[in-house]
Amino acid sequence: MQVIVAGGGVAGATSALALRRAGAEVTVYEAYTDPAGSVGSFLSLATNGLKALDALGCLEAVRAAGFDVERQRLWADSGRLLGDTPRGRLSGEPLRSITLRRGDLVETLRARAIGSGARIITGERLVGASRAGTKVRAEFESGRTAEADLLVGADGIWSATRRVLDAGAPEPTYAGLYTVSGVARGVDVGSGTFNMVFGRNGAFAYIPVPGGDVWWAAQVSAAEEPDLDAIDLEFLKDLYRHEEVPSALLRAVTSMQRPTLMHVLAEVPVWHDDRIVLVGDSGHPVGAGQGASMAIEDAVVLARSLEDAPDIPSALKAYDTARRKRVAKMVKSASGNRDAKTAGPVGRRVRNLVMPVFVKLFYERATAWLFTHEVAAGWAAPTLATADRVPSGHGAAGSSTGSSGA
């Protein structure tokens with residue numbers, strides 16, 4: 001079975017690795033050469049995502065690219081501690097969450113995918129796809145075309161693959177938040193802890209990095225889409241002047257990235273047909289610190305479904321069935337997370353009263369469904385020495401590359 005993966009970010013690179021482990025021949029087409037693509041900043045991987053990476057044999061490589069984080073603390077704008085819990089896991093879980101730059105994660109996953117035998121071609125952006133007999137033909141902005149048995153759309157929230165599957169698919173809409181991230185130095189904020197301050201004008205996350213830096217990200221609430229060019233460091237300092245630690249960090253900034261708008265996507269009704277399937281943000285951007293982990297879960301479930309099903313259409317149906325309910329629950333949780341970051345004065349007072357009680361009494365029970373989930377449990381995939389075989393029930397392999405246009 002030959003597979004084209006559109007997009008080489010977290011979802012695409014992990015899909016390539018998982019599909020290689022399942023025996024497919026994989027070619028990834030990615031628009032950006034830079035592993036960070038057009039965005040950067042940092043992200044965290046929770047235990048559910050880490051377990052899937054462990055099954056793919058790349059957990060230690062990812063850990064080496066980042067650092068473990070044991071706990072997370074939630075703070076009110078006044079400086080009052082609202083909650084202190086394990087970060088991205090439950091108490092007693094041996095795995096700790098890992099924080100790293102998005103670009104470093106993508107670079108690590110791409111290297112592992114290439115090492116497993118996948119091809120990654122950069123500078124190619126998917127713009128369309130069509131059926132070519134029993135195969136699917138991918139069309140790229142450069143004029144290149146390529147054919148395979150399966151097209152995996154891992155091309156993010158602005159996915160062209162989603163529009164190929166359903167011309168009426170929902171489009172991203174502004175979420176009422178924009179993000180600015182950067183690095184500060186010389187401010188003592190402890191170690192080993194992810195912190196989230198629920199400020200008056202939006203949330204402010206920060207995490208100390210081994211070596212003395214502090215990575216930070218402001219998630220600013222704004223009902224109308226702002227002029228991003230007008231948002232600079234002095235503007236941020238004014239927004240967070242009432243919050244002690246964010247204010248101190250913004251005074252110590254050594255670098256800052258350009259602001260980016262946050263978008264949400266309504267439920268996507270069509271995740272697949274019989275030769276095309278969506279993974280990661282192309283089908284379900286979730287946020288709430290779970291975007292990368294959910295994309296990694298998708299990749300493993302898709303690969304396992306292709307192994308277990310008698311044919312590709314059946315596998316894609318099984319993948320959809322396996323993921324829909326869990327993703328919908330995560331999307332609902334993420335929506336509540338955004339509401340907490342954009343609360344007005346009354347909402348902030350209610351949140352500051354309720355959150356300490358909820359975290360103390362119910363947090364671990366409420367998140368057990370998320371962190372204990374294991375998509376790779378019992379997965380006995382073939383070794384890479386046999387990865388060039390065609391999985392049973394999928395027929396002969398076809399050509400993975402086509403003509404290159406202008």
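Throughout, read-outs are computed from the coordinates displayed, never taken from laboratory work. Just so it is clear, the model here is predicted, and its values are computed rather than measured. When we count neighbours, we look across all protein chains shown, and the Cβ atoms used for this are built from the backbone with ideal geometry, even at glycine.
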Report task. Using a cut-off of 13 Å between beta-carbons, work out the net charge of the residues near residue 247 (Lys and Arg +1, Asp and Glu -1, residue 247 not included). Result -> -1
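State, as an integer percentage, the relative contact order of the chain based on alpha-carbon contacts under 8 Å between residues 6 or more apart.
After rounding, I find 26 percent.
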Query - Relative exposure of 193, 27, judged by other C-beta atoms within 10 Å (fewest first) - result: 193, 27
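Only counting other Cβ atoms within 10 Å, I'd like 369, 75 sorted with the fewest neighbours first. List each step's numbers first, then the result.
Values: 369 13, 75 23.
Fewest-to-most ranking of 369, 75: 369, 75.
Where the only charges are on Cβ atoms (+1 Lys, Arg; -1 Asp, Glu), what is the dipole of segment 173-263 about its Cα centre, to the nearest 20 debye?
Details: 6 positive and 11 negative charges, 52 e Å.
About 260 debye.
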Query raised in the report: segment 213-333: Rg/Rh from Cα coordinates, Kirkwood Rh?
Result: 1.14
Report task. Identify which of 211, 182, 123 has the largest mean-square fluctuation in a Gaussian network model of the chain, with springs joining Cα atoms closer than 10 Å. Result -> 211
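Suppose a student asked you for the relative contact order of segment 173-263, using Cα pairs under 8 Å spaced at least 6 residues apart; what percent would you report?
Contact order relative to length: 44 percent.
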Requested in this report: Would you work out which of 174, 259, 204 lies farthest towards the positive end of the dipole of segment 173-263, given +1 charges on the beta-carbon of Lys and Arg and -1 on that of Asp and Glu, about the Cα centre?
Outcome: 204
Requested in this report: Could you quote the convex hull projected area for segment 173-263, Cα atoms only and averaged over all directions, in nm²?
Outcome: 5.6 nm²
Query raised in the report: Setting aside same-chain residues fewer than 8 positions from residue 332, which lysines have a Cα under 21 Å from its Cα?
Result: 341
Report summary line: Percent of all alpha-carbon pairs of segment 99-242 at distances over 27 Å, whole number, is 48 percent
Requested in this report: Return the sequence-ordered ³J(HN,Hα) values of segment 83-94 in whole Hz as given by the Karplus equation 6.51 cos²θ - 1.76 cosθ + 1.60 applied to θ = phi - 60°, using x for Gly and Pro.
Outcome: x, 9, 9, x, 8, x, 6, 10, 4, x, 6, x
Report task. Run down the aspartates and glutamates and flag those whose C-alpha is under 17 Å from the C-alpha of residue 135, throwing out any fewer than 8 positions away in its chain. Result -> 25, 147, 149, 273, 274, 311
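May I ask what percent, to the nearest 5, of DSSP beta bridges between residues of the chain are antiparallel? Walk me through the numbers before you get to the answer.
Values: 51 of 73 bridges.
Of the beta bridges lying entirely in the chain, close to 70 percent run antiparallel.
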Query raised in the report: Using a simple charge model, +1 on the beta-carbon of Lys and Arg, -1 on the beta-carbon of Asp and Glu, nothing else, what dipole does the chain show about its Cα centre, in debye to the nearest 20?
Result: 920 debye
**Report entry** Farthest positive-ward along the chain dipole, Cα basis, beta-carbon charges - from 27, 4, 310
**Finding:** 310
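Would you list 215, 379, 271 from fewest to most Cβ contacts within 10 Å? Show your work: numbers first, answer last.
Details: 215 20, 379 17, 271 24.
Ascending Cβ contact count within 10 Å gives the list 379, 215, 271.
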Query raised in the report: If you find the alpha carbon centre of segment 150-166 and of segment 186-204, how far apart are they in angstrom?
Result: 35 Å
